[in-house]
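The values are calculated or read from the model by the stated rules, or taken from the named source; none is laboratory data. If you're wondering where the values come from, they're calculated on a predicted model, not measured in any experiment. Methodologically, a virtual Cβ is constructed for each residue, glycine included, from the backbone with ideal geometry; neighbour enumeration extends over all protein chains shown. Remember, those area values only see protein heavy atoms, side chains included, never the ligands or the DNA or RNA. Shrake-Rupley method; radii C 1.70, N 1.55, O 1.52, S 1.80 Å.
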Amino acid sequence: MAHTIAVLSQKGGTGKTTAVRTLADALRRSGVRTLAIDLDPQGNLSDYFDLPTDVEPTIAEVLTGRAKASEAILAEMIPANLRLAETELALGGRMGRELTLRRALTDVPDDYAVILIDCPPSLGLLTVNALVAADYALVTAEAQYFALQGVEQALEVIDLARDNLNPDLEWTGVVLNLADMRTVHSREAYRTLADAYPEKVFETVIRQSIAYAESAERAVSIVDYRPDLGVDYVALADEVLARLGLDAARRKLEPLRA
């Protein structure tokens, strides 16, 4: 049975989608079959995988019952586009609306070991659906002054989902993105998070670079486009695999860390 991870942030600009795209790539290179799900109406993850905006079916059709999850998988992901915004509004009037994604994902093939869900940059109904469907929540935070506040807001929604709908949901941790650890500001942001959540902050910090935007424009993983930066995500994937207990897969990442 797949380990399902909802990747979320309280706002945009924290490198969340890049994290999903590159983690999926690193996990696949470790031999872990990984499905990525774009749950953001902006469809940035789908763009990252170089899928057209008019692709069908999407996660919108899955959530409305017009397609099965297995039918919407393309290039090892389930895409999204702006139709998802309309779907979110339609779901708001349904009974059991928070369980829609969880029910839909029962159709995903059993040979996927990990499912990564790219949540929208808000803590609304789509994000709640992701958390109810997930086994784990992973929070991304930007290396800036309000990082702690953003993580606290995300944790409130995680706790809401756990207390009311998904008691088995675990918070696997928070990763600091867009960081320049040469600056006092980024180092203080990391220390603040580490002091507040000493067991939850990933040791790996993702360095800030324009190369991420360049690789996204070319639909190429940063691991290939800039291996010197890609090692950050290889290290993060190693930490994620450790927290999931998938130790055999970690050994396959070692050549990429060289």
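Overview of results
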{"item": "Dipole-positive endmost among Gly93, Ile78, Leu63 within the stretch 52-108 (Cβ charges, Cα centre)", "result": "Gly93"}
{"item": "Charge tally in the Cβ shell below 14 Å around Pro121, where Lys, Arg are +1 and Asp, Glu are -1, Pro121 excluded", "result": "-3"}
{"item": "Solvent-accessible area per residue, Å², over the stretch 170-245 with all protein chains present [probe radius 1.4 Å]", "result": "47 Å²"}
{"item": "Distance in nm between pseudo-label sites at Leu74 and Asp180 (7 Å out along the Cβ direction from Cα)", "result": "3.8 nm"}
{"item": "Helix 227-244 vs. the chain, principal-axis angle (Cα, 0 to 90°, nearest 10)", "result": "60 degrees"}
{"item": "Cα→Cβ-extended label distance, 7 Å offset, between Ala219 and Asp163, nm", "result": "4.4 nm"}
{"item": "Tail weight of P(r) past 23 Å, computed on alpha-carbon pairs of the chain, percent", "result": "48 percent"}
{"item": "Largest-first principal axis extents of the Cα set of the stretch 82-190 (Å)", "result": "48, 33, 30"}
{"item": "For the stretch 141-146, 3J(HN,Hα) per residue [Karplus equation, 6.51 cos²θ - 1.76 cosθ + 1.60, θ = phi - 60°, Hz, x = Gly/Pro]", "result": "9, 7, 7, 8, 4, 8"}
{"item": "In nm, spacing of pseudo-spin labels at Gln144 and Val55 (7 Å Cα→C-beta vector)", "result": "2.9 nm"}
{"item": "Three-way shape label, the stretch 181-251, alpha-carbon gyration tensor, a/c 1.5", "result": "oblate"}
{"item": "Given charges at beta-carbon only (K, R positive; D, E negative), |dipole| of the chain in Debye", "result": "220 debye"}
{"item": "Taking N as its residue count, the alpha carbon Rg of the stretch 101-253 over 2.2 N^0.38 Å", "result": "1.10"}
{"item": "Sulfur and carbon atoms: percent of accessible area, the chain [1.4 Å]", "result": "50 percent"}
